Amino acid sequence: MKAWKNKDERIGKENDNQKEEQALHQQTCILIAIACLFCAGILLYQVFFQGPVIYQKSGEDRPESSVFSSSEPEPSASSDTAVTLINLNTATAEELDTLPGIGPARAQAIINYREEQGEFYTIEQVMEVDGIGEGIFEQIREFITV
């Protein structure tokens, strides 16, 4: 009779161990789900309250500019500061002058084109401005919008 009792105790302990393992597995899954929700919340916060970030194609890890509102462009003082995209239809000569490869003369040419031809409908249309070809366009394409 004692051997039978030991066998029942052993089976009971095995069942208890299995239940503990299942409970531990369930708790682990719940913690992973909470961590995933937390990470998703952080990403949503960044997108909705800080805006998406554009990274340079040169392979650098630092953000080049933030693109949340392109209606009010802000020229950058240095390459380390975040800037919004420059709208070709509303930018001033000073703002256009901050673009790579665009100096005061090309900035004025863009404004003159805009005044004579009307607003830009695509960013590629800037190549119709005298002095701006494919090379310059490739330098500024990441920084402009219409």
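Read the figures in this text as sums done on the coordinates, not as results from a lab. The structure displayed is predicted, hence computed values, not measured ones.
Given their separation in residues at 0.36 nm each and the Cα-Cα distance between them, L31 and A105 gain 20.7 nm when the chain is fully extended. Segment F38..A23, full-extension length gain: 3.1 nm, with 0.36 nm per residue of separation and the alpha-carbon distance subtracted.
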